[in-house]
Amino acid sequence: MMYAPVEFEFSEADYPPVEYQRKQQYWDSIRLAIFTLVIVAIIGITIGIVAHFVVEDDKSFYYLASFQVTNLKYRENYGLRTSKEFIQRSHQIERMMSRIFQHSGAGRFIKSHVIKISPDENGVNILMVLMFRYPSTGSAEHFRKRIERTLYQSLKTKKLPFTINKPSFTLTSIDSKKMRNLLNSRCGIRMTSSNMPIPAYSSKERIVQGRETSMEGEWPWQASLQLKGAGHQCGASLISNTWLLTAAHCFRKNKDPSQWIATFGTTITPPIVQRNVGKIIVHENYRRETNENDIAVAQLTTRVEFSNIVQRVCLADSSLKLPPKTSVFVTGFGSIVDDGPTQNKLRQARVETISSDVCNRKDVYDGLITKGMLCAGFMEGKIDACKGDSGGPLVYDSHDIWYLVGIVSWGQSCALPKKPGVYTRVTQYRNWIASKTGI
Ligand code: 4AZ
């Protein structure tokens, strides 16, 4: 045969010495390369395995703290969580906790929330939850001791605004369910599914010209009011585990509660939770022609369970005054162009409050804005609520607690220049809401 396979057998006999040496070197370097690769792979895998066990993911740890503050006198309104007094004091105490635990070496301090301020013979008693992140391999008890040490150290070394009575301080580790229940007894809190607070502007400015919400639980009080067989009609806000606040004009065509359902979640289909409506109360003085008193409440037949995804919004105190150009958010499933279709995914938009004086100008709404109404949007138009957003919430963020300040009510078309959205001014109806719902 002409092509005998001798060239694959590397023996000195078949090759001149130089050629043989070259081939030998070639195979040696291939072997070395393979060997090096195998070693590198083994080292890599070993490092990966060790890192997996050593640097494991952090996990959230929750604690319930109770302590006396001796340099604070109890005030009646501390018992009311939505009162200005409770909110201001809570924030001062929460800020003090940040000072104590941030950069303290007691782990990664996430947040604290005052749950209760109660009277005590020596001043007041504070009940609050503390959230930390630690490596998931550690024990809650071990971290509890560390947190306690950090606090005691701070009592000695830091000048703090409140005097904590050291012997009264107790710290108990709680699970995420208990923590959720404690926080859920509050209102206006936005949480991710892993119990991390959603920071005020995680959703940035980014309805007409707004953006889709990105997370379940971003606006957990938003509900969709639907007529059986005809789908989404209006938005609404959850204000307790059975009551929704919405606009009166949503029930213009149909006031029969048995024809309505309410859904929760960031999509209309599929919803996270669905309930029948048992009762509809429209404001007695709602005027269709002038849009005055455009407010109604609807009661669900069965209560909803609060979670990170379904949560009530706080009702602002009737004394809350928002100066012009305050940032507020409107959310809804309404159309994104005038006369467009309902959106399946919840949308949000940041708008700004506009004073009634400006809004009543001849070139704006020419005197149509009454004291029960609130204008919000932009004079140049572009960002606005629209058809289908009606009844939905306009909310204001005060230190990560969200307050309902408006109900989407009316406007000339959507997002036109000098025609901002008009909302029912919720603070004007605080007593009416209480008289109908007890909230
Ligand atoms: C509506 O028809 C509607 N641009 C809601 C809000 C606005 C306009 C119309 C505000 O339900």
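The values are calculated or read from the model by the stated rules, or taken from the named source; none is laboratory data. All of these numbers come straight from a predicted model, not from anything done at the bench. Please note: Cβ atoms are built from the backbone with ideal geometry, for glycine as well, and neighbour counts cover all protein chains shown. The accessibility values were calculated without ligands, DNA or RNA, using every heavy atom of the protein model including side chains. Shrake-Rupley method; radii C 1.70, N 1.55, O 1.52, S 1.80 Å.
Over 32 Å between C-alpha atoms is what I'm after, so list which of Lys111/Lys255; Lys59/Lys325; Lys116/Lys158; Lys177/Lys371; Lys73/Lys325; Lys166/Lys321 land there. As for pairs spanning more than 32 Å Cα to Cα, those are Lys111/Lys255; Lys59/Lys325; Lys177/Lys371; Lys73/Lys325; Lys166/Lys321.
With 0.36 nm allotted per residue and the present C-alpha distance subtracted, the Lys253-Leu227 stretch has 8.3 nm of extension available. Projected label points at Asp363 and Gln209, each 7 Å from Cα along the beta carbon direction, are separated by 1.7 nanometres. The charge dipole of region 328-439, taken about the Cα centre with unit charges on the Cβ atoms of Lys, Arg (+1) and Asp, Glu (-1), comes to about 220 debye, rounded to the nearest 20. Placing +1 on the Cβ of every Lys and Arg and -1 on the Cβ of every Asp and Glu, with no other charges, gives region 58-183 a dipole of roughly 340 debye about its Cα centre. Modelled spin-label separation between Arg133 and Ala41, with each label point placed 7 Å from Cα along the Cα-to-Cβ direction: 3.5 nm.
Normalising the average separation of contacting C-alpha pairs (under 8 angstrom, six or more residues apart) by the number of residues puts the relative contact order of region 322-439 at 25 percent. Averaging the Cα positions of each part gives two centres, and for region 366-387 and region 156-187 these lie 42 Å apart. The helix-based estimate of mean residue ellipticity at 222 nm for the chain, built from -39,500 (n - 2.57) per DSSP H run of four or more residues and divided by its residue count, is -7000 deg cm²/dmol to the nearest 500. Spherically averaged projected area of the convex hull of Cα atoms, region 368-429: 4.5 nm². Which of Ser435, Leu155, Gly406 sits closest to the plus end of the dipole of the chain, meaning its Cα is farthest towards the positive end, when Lys and Arg get +1 and Asp and Glu get -1 on the C-beta? About the Cα centre, the residue reaching furthest to the positive side is Ser435. By its C-alpha gyration tensor, with a ≥ b ≥ c as the square roots of the eigenvalues, how is region 314-428 shaped: rounded for a/c under 1.5, else prolate for a/b larger than b/c, else oblate? Verdict is oblate for region 314-428. For the chain, the per residue solvent-accessible surface stands at 50 Å², with DNA, RNA and ligands left out and a 1.4 Å probe. With all protein chains in place and a 1.4 Å probe, the accessible surface of the chain carries 54 percent carbon and sulfur.
Between Ser194 and His103, the modelled labels are 2.5 nm apart [label points 7 Å from Cα along Cα→Cβ].
Normalised by the number of residues in region 58-183, the mean separation of alpha-carbon contacts (under 8 Å, six or more apart) gives a relative contact order of 43 percent. Largest first, the three principal axis extents of the alpha carbons in the chain are 112, 69, 42 Å in whole numbers.
Send over the per residue convex hull volume for region 58-183, Cα only, as a whole number of Å³. Write down the numbers at each step before the final one.
Numbers: hull volume 12.2 nm³, N = 126.
Dividing the Cα hull volume of region 58-183 by its residue count gives 97 Å³.
The Kirkwood radius of region 219-300, taken over pairs of alpha-carbon atoms, gives through the Stokes-Einstein law at 4 °C and 1.567 mPa s a diffusion coefficient of 102 µm² s⁻¹.
Calculate the dipole size of the chain relative to its Cα centre from +1 charges on Lys and Arg beta carbons and -1 charges on Asp and Glu beta carbons; express the result in debye to the nearest 20. Provide the component values of the computation, followed by the final result.
Numbers: 56 positive and 39 negative charges, 440 e Å.
I would put it at about 2120 debye.
All Cα-Cα separations within region 152-310 were binned at 5 Å from zero, giving a P(r) of 2, 8, 14, 15, 15, 13, 11, 7, 5, 5, 4, 2, 1, 0, each value a whole percent of the pairs. In region 268-340, one over the average inverse separation of all distinct C-alpha pairs is 16.4 Å, which is the Kirkwood hydrodynamic radius. When the trypsin sites (Lys or Arg not before Pro) in region 316-407 are filtered for DSSP coil states and for at most 16 other beta-carbon atoms within 10 Å of their beta-carbon, the remaining sites are Lys321, Lys325, Arg361, Lys362, Lys371, Lys382.
Between the beta carbons of Gln428 and Lys178, assuming R0 = 25 Å, the FRET efficiency works out to 0.10 to the nearest 0.05.
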